[in-house]
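Chemist: Before anything else, here's the structure in question.
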Amino acid sequence: MPRNRVALAIALALLATPALSACGGSSAASDAKVVTVYSADGLKGENGDGWYDQVFKDFEKQTGIKVKYVEGGSGEMVQRAVREKSNPQADVLVTLPPFIQQADGKGLLQKYAPQGSDQVSGADKAADGTWTSVVNNYFGFVYNKKELKQAPRTWDELLDGKYKNKLQYSTPGVAGDGTAVLIKAVHDFGGKDQALAYLKQLQANNVGPSASTGKLAPKVDKGELLVANGDVQMNYAQSKDMPNLGIWFPAGKDGKPTTFGLPYAAGLVTKAPHSENGKKLLDFMLAQKQQQEVSEIGGGFTARQDVKATDANAIALTKLMDGVEVFQPDWNDIDENLASYVEDWKSATGS
């Protein structure tokens, strides 16, 4: 009898093996139809009408691959990917500079040049092929057009008492646009010490920290805030549903408004669970049709030099940028010294 039981057990095990394999194959096939994106906020619409909304919908329809989307501040997304480095959950990471450089430096990105990346300017992609801009963009501020007859012109105007508890900017080191406040101030005031001295003064009017820049514009539109930081693409897209939102650029020492490029840069995550799907999504984002829709749907600037947008949004955006000086930050220096810059900002502002 024991011998028969052994034979029966072996037979049952052999029968079970194909069933388990089939189950495993089915699960793997299911997983293969997914791609997970970790992204800075700004490209997804408030009402499902953003560039991401359209791109993901079209991608899912064309490929059958479902997009799982996780959103937060640029620094927040990088920190999450760092925590998951031994067991990556994301396939594609999209952040603003200098966080895309930070992600690269931490080994979070693998080399992949998406189709069409040869048409992206060298300044808007990594020399080693680990990331590529998918939407070009510029740093800016927003103001409430209803409460303020005109936009503030200079940084110094923001020190006025009327902005007390009516001004807020997102947190440097956590949000990409928050870090951009620091970068622009250093440029406009002619050095880090001068910028920090100003931001220390500005703290008297500042409401306090915010991990997400995207949450500030609605407060400005409602009049809870008069001024906040942002970026052109996100705020222009938001202004379609927020009639009181105006975009402006603080002037530098010479009185000229300044800004700098702050693109949404995307990379394929190292050891991504669905690497091939991540590559397909990156290719899709940079395809000519999707790039043509960057301004038309997303209110941003195409990353491809061979795509010339002529829609109404593209014309309005060109007009908005007219007369604004665009400077080029030293991203390598910022990436290398970001931690110390943020610590110095915390010390200066008591944050």
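Only the coordinates and a few stated rules stand behind these numbers; no lab work does. Predicted model, so just to flag it, every value in this text is computed and none were measured. With ideal geometry, Cβ positions are generated from the backbone for all residues, glycine too; neighbour counts draw on all protein chains shown.
Chemist: Could you point to the residue in N165, G140, V120 farthest towards the positive end of segment 107-243's charge dipole, with +1 and -1 charges on the Cβ of Lys/Arg and Asp/Glu respectively?
Modeler: N165
Chemist: Using θ = phi - 60° and the Karplus curve 6.51 cos²θ - 1.76 cosθ + 1.60, what whole-Hz ³J(HN,Hα) does each residue of segment 203-216 get, with Gly and Pro shown as x?
Modeler: Values per residue, Gly and Pro as x: 4, 4, 9, 6, 5, x, x, 8, 6, 10, 6, x, 7, 7 Hz.
Chemist: Nothing charged except the Cβ atoms of Lys and Arg (+1) and of Asp and Glu (-1): what's the magnitude of the dipole of the chain about its Cα centre? Round to the nearest 20 debye.
Modeler: Magnitude of the dipole: close to 1040 debye.
Chemist: With an 8 Å cut-off on Cα pairs and a minimum separation of 6 or more residues, tell me the relative contact order of segment 58-149 in percent.
Modeler: Across segment 58-149, relative contact order equals 18 percent.
Chemist: Give me, ordered by chain and number, the residues 5 or more places off K66 or on other chains with an amide H under 5 Å from its own placed amide H.
Modeler: V34, V35
Chemist: Right, here's the next one. Each residue of segment 123-133 in turn: what ³J(HN,Hα) in whole Hz from Karplus with 6.51, -1.76, 1.60 and θ = phi - 60°, glycine and Pro shown as x?
Modeler: Taking θ as phi minus 60°, the curve returns 6, 10, 8, 6, 4, 8, x, 8, 8, 9, 5 Hz for segment 123-133.
Chemist: Read through the labelled values (1) 21.5; (2) 22.6; (3) 20.4 and report the label of the one computed as Kirkwood radius over Cα pairs in Å from the structure.
Modeler: (1)
Chemist: Here is a follow-up. Distance in nm between label sites at Q119 and V70, each 7 Å beyond Cα in the beta-carbon direction?
Modeler: 3.2
Chemist: Let me ask something else about it. Once you list every other residue whose beta carbon is under 11 Å from the beta carbon of K253, what net charge do they have if Lys and Arg are +1 and Asp and Glu are -1?
Modeler: -2
Chemist: 5 Å is the cut-off here: which amide hydrogens, built 1.01 Å from N in the peptide plane, fall below it relative to G50, excluding neighbours closer than 5 in sequence?
Modeler: Those qualifying (amide H under 5 Å, at least 5 residues apart or on another chain) are G45.
Chemist: Report the FRET efficiency, 1/(1 + (r/R0)^6), for S86 and E336, where r is their Cβ-Cβ distance and R0 is 22 Å, rounded to 0.05.
Modeler: 0.30
Chemist: Using Cα-Cα distances under 8 Å and only pairs 6 or more residues apart, what relative contact order does segment 221-284 have, in percent?
Modeler: Normalised by residue count, the contact order of segment 221-284 is 19 percent.
Chemist: Place +1 on the Cβ of every Lys and Arg and -1 on the Cβ of every Asp and Glu in the chain, take the dipole about the Cα centre, and give the residue among G72, A312, G300 whose Cα lies farthest towards its positive end.
Modeler: G72
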